[in-house]
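The values are calculated or read from the model by the stated rules, or taken from the named source; none is laboratory data. What you see is a predicted model; the values in this text were computed from it and never measured. With ideal geometry, Cβ positions are generated from the backbone for all residues, glycine too; neighbour counts draw on all protein chains shown. Remember, those area values only see protein heavy atoms, side chains included, never the ligands or the DNA or RNA. Shrake-Rupley method; radii C 1.70, N 1.55, O 1.52, S 1.80 Å.
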Amino acid sequence: IIMKLYYVLLLLAFPLSAQINVVPQPNDVHYYKGSCKVDTPITYVKDPAIANPEGYQLVIQPRKITVKYSAEAGKYYATQTLRQLIFQAKKEHKESLPCLVITDAPRFAYRALMVDPARHYWKIEDLKKYIDVMSQYKFNYLHLHLNDDQGWRIEIKKYPKLTEIGAKRTNFEGSKRNNEGFYTQEEMKDLVRYALERNVQLIPEFDVPGHNDAAVAAYPFLSCNDTIIGVRTTAGVSKNLLCVSKKEVFTFIDDIISELSEVFPCKYFHIGGDEAPLDKWLENPQVQQLKKELQITNNQQLMSEFFKRVNESLAKNGKQPLIWMELEVPTYPQNSVMYLWRMHTTPQVLERAKKDNFKVICSPGEYAYFDYPQAKDDLPNVGWMPTLTLQQVYKFNPAFSLTSQEEKQYILGVEATLWGESVKDLFRAFYMTYPRALALSEVGWTQMQQRSWKSFTDRLEGQLSYLLHQGVNYRPPVELAN
Ligand code: ACM
């Protein structure tokens with residue numbers, strides 16, 4: 001017994017200095033004496049005591065590797081952690097792993113990236129590759145920005161012109177690349193399945209009422225003045241909103257939400273809401289009439305009314321709205337999840353969240369706009385954009401000044417947005433995404449007390465090798481070289 005006790009104490013008291021190289025950093029790691037061959041078979045044990053479906057326990061003993069999980073998500077994430085451990089061991093020409101117990105679960109339930117095939121079309125194969133990589137870093141949602149002024153990218157059976165007309169454009173800011181293409185519903189269903197196998201849920205975004213030149217080009221009746229336009233060929237904000245006073249507009253929206261709800265099983269449905277200047281609504285006599293009927297005193301109440309109607313379609317299809325919040329809009333549907341996205345608005349958005357009791361997805365420009373360059377003068381033609389460095393992303397704490405209770409109540413999670421105006425292909429997309437997404441994965445997964453910039457940068461080189469090994473390019477963080 002004394003020998004046994006001695007052995008247990010020895011194991012417990014042996015804090016190995018070696019740090020494992022895993023991103024995101026697991027939330028609890030205990031090291032023990034000894035090692036285990038890298039090719040040891042893995043035993044999977046379903047354990048309902050693991051409360052979080054994305055949580056897992058990985059136990060590496062001298063001749064045994066055990067994964068405990070309660071749901072497929074946790075099993076998948078344990079496997080990702082283990083794959084990284086094995087890769088890093090082999091990279092250092094080691095044939096063994098340290099004995100340890102990792103007990104892990106995410107800080108936030110929602111950890112997303114967004115891509116924008118509306119501005120530059122992505123092939124399905126490229127979306128698959130993007131999902132492969134993000135899922136290794138425990139991101140669990142991919143938000144697809146499927147329509148914008150510059151393109152409509154998803155087949156809608158009731159409105160074939162959306163893709164016949166809306167999915168083609170003559171050029172974009174002079175460039176002839178990736179101006180045409182769309183996803184059939186069958187292709188998208190296949191992508192949904194592919195993503196789910198990697199614990200990634202696809203969230204469709206149908207951005208309304210702004211950002212709809214491509215739809216208006218296909219169906220001019222959608223605008224207040226039946227405007228005849230083409231698919232937009234420049235960046236910027238359009239005034240051709242879907243018209244708030246037309247019954248046919250809400251029928252159109254309802255039809256699209258119904259079709260897309262069949263394709264995307266995710267309970268969240270992004271309905272846009274950003275950058276919608278009211279000019280054309282307010283010039284229109286029918287909209288003036290509507291204002292009278294609704295006794296509207298603040299013009300932005302029209303936007304509240306618009307989203308109230310849209311939400312009826314979402315509710316009918318069992319969907320919960322995600323919305324790019326605009327502070328001037330007085331009310332949003334009760335069950336909406338609001339995005340914190342505009343720079344310099346964090347205090348106001350959090351105040352609103354508390355006042356109106358809604359949950360927030362944090363993707364503030366200060367930390368999460370991945371279309372912004374990672375260093376000054378890094379890229380041509382984006383000189384107007386702020387710079388978003390790797391270290392700045394790493395500094396992000398989505399709780400801001402909230403208490404831990406408030407954090408639980410109001411913060412659903414984090415998302416990085418990769419807007420597509422200057423992202424012409426997958427090569428550029430990976431360049432913009434990595435290594436910043438490694439930092440963001442830790443922001444979403446790892447508790448603050450387990451996070452440190454020093455530890456992150458110590459692990460970075462190994463993770464860049466992991467990406468290279470898979471043929472994934474990234475922006476080399478040259479500013480960190482010493
Ligand atoms: C946005 O950046 N327009 C949400």
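Here are some notes:
- Separation of alpha-carbon centers, the range 17-94 and the range 239-292, rounded to whole Å: 47 Å
- DSSP bridge analysis restricted to the chain gives an antiparallel fraction near 35%, rounded to the nearest 5.
- The protection proxy used here, the mean number of other Cβ atoms lying within 10 Å of each residue, ranks peptides 149-157, 298-306 as follows, highest first: 149-157, 298-306.
- Farthest toward positive dipole pole in the chain [+1 Lys/Arg, -1 Asp/Glu at C-beta], among ASN52, THR251, ASN381: ASN52
- Using the alpha-carbon positions of the chain, Rg (one decimal) and Dmax (whole number) come out as 24.2, 90 Å.
- Between the amide H of TYR268 and those of GLN320, distances stay under 5 Å, these residues lying 5 or more places away or on another chain, with hydrogens modeled in the peptide plane.
- Ratio Rg/Rh, restricted to the range 311-431 and using Cα atoms, in which Rh is the Kirkwood radius: 1.02
- Long-range amide H partners of ILE65 with built H, under 5 Å: THR43
- Mean sequence separation of contacting Cα pairs (under 8 Å, at least six apart), scaled by the length of the chain, corresponds to a relative contact order of 15 percent.
- For the range 264-274, putting each phi into the Karplus relation 6.51 cos²θ - 1.76 cosθ + 1.60 with θ = phi - 60° gives couplings of 10, x, 4, 6, 8, 9, 7, 10, x, x, 8 Hz, in residue order, rounded to whole numbers and with x for Gly and Pro.
- Once you divide the Cα radius of gyration of the range 166-273 by 2.2 N^0.38 Å, the number left is 1.18.
- Principal-axis tilt of helix 453-469 within the chain, Cα atoms, nearest 10 degrees: 80 degrees
- Cβ-isolated cysteines (cut-off 4.7 Å), the chain: CYS36, CYS99, CYS266, CYS362
- Among the listed pairs LYS138/LYS161; LYS138/LYS168; LYS37/LYS75; LYS158/LYS355, those beyond 29 Å (Cα-Cα): LYS138/LYS161; LYS138/LYS168; LYS158/LYS355
- Angle in degrees between helix 72-91 and the longest Cα principal axis of the chain, rounded to the nearest 10: 60 degrees
- For the range 195-209, Karplus couplings with θ = phi - 60° (6.51, -1.76, 1.60), whole Hz, Gly/Pro x: 5, 4, 4, 10, 6, 10, 9, 8, 10, x, 10, 10, 7, 9, x
- Estimated distance in nm for a label pair at ASN335 and THR43, the labels positioned 7 Å out from Cα along Cα-to-Cβ: 4.4 nm
- Note on the range 276-345: Cα-Cα pairs beyond 20 Å make up 37% of the total pair count.
- The value given for the range 396-461 is a Kirkwood hydrodynamic radius of 13.8 Å, derived from the mean inverse Cα-Cα separation.
- With all protein chains kept in place, the per residue accessible area of the chain amounts to 42 square angstrom at a probe of 1.4 angstrom.
- Acute angle (nearest 10 degrees) that the helix 301-316 long axis makes with the longest principal axis of the chain, alpha-carbon atoms: 60 degrees
- In summary, the range 61-183 shows an alpha-carbon radius of gyration equal to 1.53 times the 2.2 N^0.38 Å reference for compact globular proteins.
- Working note: Karplus 6.51/-1.76/1.60 with θ = phi - 60° gives the range 59-67 the couplings 10, 10, 10, x, 10, 7, 10, 10, 10 Hz, where Gly and Pro are set to x.
- What the pair-distance distribution of the range 225-344 shows, using all Cα-Cα distances binned every 5 Å from zero, is 2, 10, 19, 21, 21, 17, 8, 2 percent.
- Backbone amide hydrogens, once placed in the peptide plane, bring SER35 within less than 5 Å of CYS99, excluding anything fewer than 5 places away on its chain.
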